[in-house]
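To keep things clear, I will list the structure first and then write my remarks on it.
Read-outs throughout are calculated quantities, based only on the coordinates presented, and are distinct from any laboratory measurement. Predicted model only: the values in this text are computed from it and were never measured. Here Cβ is always computed from backbone atoms with ideal geometry, including for glycine, and neighbour counts include all displayed protein chains.
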């Protein structure tokens, strides 16, 4: 049923259940697991001009490398492809799913509600609304 599974990650704590579920799904279907980290450059537009863009960008990429290592340690028995891109997370996740002909996206959601959801939005919600493929969301234990 699934040949290509996309696992977007932001490297946050609590992603273990999401990673384990995606790896298990890939094992069951003998599928390739695509791990994606998006360096959220969209959130940096409000930084003061005197901020060191290069330093911030390097820190975000190191965070992405750590997130990929976290997945690599669990995904021993599946074919794994890792990618890191710059941009807006929801948009880049949907673009990747489209360009790579992904069959299902497995991603975490924080389960925000009320004012937090209204003010902060939800990457998972935006992906669900615009993804051309099914999206399986798993509550992240914070």
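Before moving on, here are some points about what is shown:
- 12 Å reach of a label modelled at residue 83, 7 Å along Cα-to-Cβ, counting backbone N of region 89-107: 92-103
- Additional length obtainable on full extension of the chain from residue 3 to residue 73, 0.36 nm per residue less Cα span: 23.1 nm
- Residues of region 75-98 with amide N under 14 Å of the 7 Å Cα→Cβ point at residue 29: 79, 97-98
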